[in-house]
Amino acid sequence: MMRPAASSQRYAFVVAGVTFVALLTAAGVRSAPGVLIVPWETAFGWDRSTVSAAAAVGILLYGLMGPFAAALMQSFGVRRTLAIALSLLSLSACLSLFMTEPWQLVATWGVLSGLGSGCVAFVLAATIVNRWFVTNRGLVMGVLTASTATGNLVFLPALAKISEHGWRPVVIAVALATAALIPLVLLLVPERPADIGAQPYGATADAPSAPDSVRANPLGLALSTLAVAARSRDFWLLFATFFICGFTTNGLIGTHLISMCADYGIPAVNAAGLMAMMGVFDLIGTTASGWLTDRYDARVLLFIYYALRGLSLIYLPFSDFTFYGLSLFAVFYGLDWIATVPPTLRLANAAFGDKAAPIVFGWIATGHQLGAASAAFFAGALRTSFGNYVEALIVAGAAAILAALLALFIARPMQGTHLEPAQA
């Protein structure tokens, strides 16, 4: 592995940069089913609910893997966990080239893709931030979180254009992109700053070194940490709000917006361009959210973000999907697509401590993906039953407003109780 100057704290930004690219690419993989729903329907004759079920399985496993991925990173290392996950993503895409039955779609883009992408997610960003940064954590977490939006920005229009030649070229592009990242991770990502003789960015010379990896069974570590965290009311409030976050973002809009636009005669390339526009505003909004999280009450920020999101979702079915109506939605919805992540991580760090927080945050992120999986499936089922997405959008908007109110009941950061991961 390449070794930088031992005294430099700035190598933290190299690690953050590689992490950003990995998260960006994984976001592109997760967004691919949104582009492929209609091509798969055309190629195989599968209905919307069948394809949505596969997407829901992938989103669900993506979330369920979070706490176990965080425990794996503590036990076996970030580099190895990340390299294996990227290999699994590439393999799942390659295997899907040979599918002919719906269960094979579920097995590849549902099970295998979900397991792999679950390791290249919010918990990866949380682990990197907590290990490599002492100052500006909110800002760095905001930038890393924004990689999801940038992934949509980079991949969706390109994948939509490629899909004009069929679904298989899209799958091949995804497989190659994920495989290309593996050597980059192995060469440029040390486990900890101490491994290259450095300190986390912003640490003072006399700061204590970061704790060693937890040598424990990852399954036991994840479950024992959950057992302790579950005694806290703040854990369940964060879990509930993040469930609604997933329900109102990648489960609904991320999975169904392109097919939603198709109902109004909007071509996939144009709809992907709308997603890219939302990605630009989310890149701005989530980065700004990280900056704000370093300075203001995270609970109030969550209230604002969820309330604005709820209003934008309720507005969408009444926009008539005109150019101006969709543009207005893209701006307001895009600004806080995943702006909720930096304040949620800050509250988790404050309540549970830096060492345990990535695993606890993994469990909270599980709530996010449970919500996303629910929305991915039920929105598809409602579309099959009623022929439109109006009901799904109204329910999601009301849920977001509920999350805004729940956020105000989370304890102030200084009232949190730290915990450490139990040895297993």
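The values are calculated or read from the model by the stated rules, or taken from the named source; none is laboratory data. On a predicted model such as this, the values are computed, not experimentally measured, just so you know. Every residue, glycine among them, receives a Cβ derived from its backbone with ideal geometry; neighbour counts consider all protein chains shown. Note: accessible area is taken over every heavy atom of the protein model, side chains too, but ligands, DNA and RNA are not part of it. Shrake-Rupley method; radii C 1.70, N 1.55, O 1.52, S 1.80 Å.
List of remarks:
- Sequence of VAL154, VAL18 when ordered by accessible area, the most exposed leading, probe 1.4 angstrom: VAL154, VAL18
- Dividing the alpha-carbon radius of gyration of the stretch 1-115 by the rule-of-thumb value 2.2 N^0.38 Å gives 1.29.
- Of HIS165, HIS256, the order by accessible heavy-atom surface (1.4 Å probe, DNA, RNA and ligands excluded), from most exposed downward, is HIS165, HIS256.
- For the chain, the mean residue ellipticity at 222 nm estimated from helices alone is -24000 deg cm²/dmol, where every DSSP H run of n ≥ 4 contributes -39500 (n - 2.57) and the total is divided by all residues, rounded to the nearest 500.
- The stretch 12-32 versus the stretch 75-129: alpha-carbon centroid distance in Å: 13 Å
- On Cα atoms only, tilt of 137-162 relative to the major axis of the chain in degrees: 30 degrees
- Degrees separating the helix 323-335 axis from the principal Cα axis of the chain, which is the longest one: 20 degrees
- Label-point separation, ALA262 to ILE304 (7 Å along Cα→Cβ), nm: 3.8 nm
- Length gained on full extension, GLU164 to ILE394, computed as 0.36 nm times the residue gap minus the Cα-Cα distance: 79.6 nm.
- A viscosity of 0.890 mPa s and a temperature of 25 °C, combined with the Kirkwood radius over Cα pairs in Stokes-Einstein, give a translational diffusion coefficient for the stretch 225-362 of 153 µm²/s.
- The 1.4 Å probe gives accessible areas that order ASP294, ASP320, ASP282, largest first, as ASP320, ASP294, ASP282.
- Share of carbon and sulfur in the accessible heavy-atom surface of the chain [1.4 Å probe, %]: 70 percent
- Dipole in debye (nearest 20) - the stretch 20-141, about Cα centre, beta carbon charges: Lys, Arg +1; Asp, Glu -1: 560 debye
- Computed over the stretch 296-424: relative contact order in percent, which uses C-alpha pairs under 8 Å that are six or more apart: 46 percent
- Global geometry of the stretch 76-169, whether rounded, prolate or oblate, following the gyration tensor of its Cα atoms and the 1.5 cut on a/c: oblate
- Heavy atoms of ILE284 accessible to a 1.4 Å probe, total area in Å² rounded to 10: 100 Å²
- The accessible area of ILE266, taken with all protein chains in place and a 1.4 Å probe, comes to roughly 40 Å².
- Excluding ligands, DNA and RNA, the accessible surface per residue across the stretch 277-424 is 39 Å² with a 1.4 Å probe.
- Dipole of the chain, positive direction: furthest Cα of LEU382, TRP46, ALA203, with charges on the beta-carbon: ALA203
- Sites matching chymotrypsin sites (Phe, Trp or Tyr not before Pro) across the stretch 67-109 that sit in DSSP coil, with at most 12 neighbouring C-beta atoms within 10 Å: PHE98
- Annotation: GLU101 carries an accessible surface of approximately 90 Å², with a 1.4 Å probe and no ligand, DNA or RNA atoms counted.
- Compared with the dominant principal axis of the Cα atoms in the chain, helix 48-76 is inclined by about 10°.
- With the cut-off at under 19 Å, measuring from each backbone N in the stretch 260-283 to a point 7 Å along the Cα-to-Cβ line of THR322 picks out 261-267, 271, 274.
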